[in-house]
Amino acid sequence: MRIDLRIWRQRNTQDQGRLVEYNLDGVSGDMSFLEMLDLLNEQLTERGEDPVAFDSDCREGICGQCGVVINGVPHGGQGVAQPVRTTTCQLHMRSFADGSTITIEPWKAAAFPVLRDLVVDRTALDNVIAAGGYISVNTGAAPDAHAVQVNKKRSDRSFDAATCIGCGACVAACPNGSSMLFTSAKITHLAMLPQGQPERVRRVKSMVAQQDAEGFGGCTNIGECASVCPKGIPLESISQLNRDLIASLFKHDGKDD
């Protein structure tokens with residue numbers, strides 16, 4: 001296939017940035033989207049031009065490192081002819097027609113400064129996790145899997161929320177640049193389990209406060225976040241966060257009874 005590309009190029013955080021057009025021949029439908037960018041970079045390097053910088057790691061839809069806005073849609077899967085819930089690395093070029101024009105941009109949010117081209121700094125998400133997305137207990141030896149019984153419905157909700165890979169697509173899709181879906185997933189997957197109860201009150205207060213401190217916008221329940229989430233985190237997670245946050249106002253930190 002022949003693909004016409006419009007790619008955001010930006011040397012650093014201070015640079016203005018602009019869309020640059022490229023024509024790419026020899027694209028196979030079996031290539032992943034990132035392999036297509038690899039092909040472009042090979043050609044740019046051969047011509048003595050700077051390759052396009054973009055993030056990737058596992059390329060298996062697990063790590064959350066890859067992530068660009070494709071034709072206005074984070075990860076691009078919901079913007080193709082046959083929509084698919086996927087990460088950028090698992091989107092294949094067969095989803096695009098020969099001769100297509102594809103516009104590729106980085107995540108754009110106040111909390112995600114562009115470092116170079118399609119690479120953004122997502123440290124803000126790490127800071128939200130560090131504020132409370134953990135269980136600080138001495139575990140000792142691993143207990144038997146059935147030692148602590150958990151209600152099936154609650155365990156399913158916990159597992160569903162825990163599939164969040166922290167890619168940031170929800171932030172990029174939100175008109176407000178909100179990270180509520182991400183934060184709520186991290187809070188919900190611990191709130192549903194017995195191990196998460198001792199710090200439940202402190203956790204929701206700290207993580208929401210850190211989210212605001214990082215410059216993320218407020219949630220107005222538009223739902224764009226859930227529509228592009230590659231792991232299908234539901235809006236219900238945000239409802240759980242709000243319930244926990246309201247309940248925390250009537251409890252002391254560290255006490256959840």
Within the stretch 202-244, which residues are open to solvent by less than 50 Å² (accessible area, probe 1.4 Å), in a helix (DSSP H, G or I) and either closer than 18 Å to residue 167 by Cα or among the aliphatic types (A, V, I, L, M) (or both)? 204, 207, 208, 211, 225, 226, 227, 228, 237, 238, 241
Check whether at least one residue in the stretch 132-144 is among the charged types (D, E, K, R), out of contact with any Cys (no Cβ under 6 Å at 6 or more places or on another chain) and not in a loop (DSSP other than H, G, I, E, B), and report yes or no. no
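Let's see how each residue does on (1) over 19 Å from residue 63 (Cβ atoms); (2) not assigned by the TED database to the domain that holds residue 245:
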position: 110; (1), (2): yes, yes
position: 143; (1), (2): yes, no
position: 158; (1), (2): yes, no
position: 170; (1), (2): no, no
Do we have residue 187 as more than 21 Å from residue 243 (Cα to Cα) and either part of a helix (DSSP H, G or I) or not hydroxyl-bearing (Ser, Thr, Tyr) (or both) here? no
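The values are calculated or read from the model by the stated rules, or taken from the named source; none is laboratory data. Small disclaimer: the values here were computed from a predicted structure and weren't measured. We place every Cβ from the backbone using ideal geometry, glycine too, and count neighbours over all the protein chains shown. All accessible areas refer to the heavy atoms of the entire protein, side chains included, with ligands and DNA or RNA removed. Shrake-Rupley method; radii C 1.70, N 1.55, O 1.52, S 1.80 Å.
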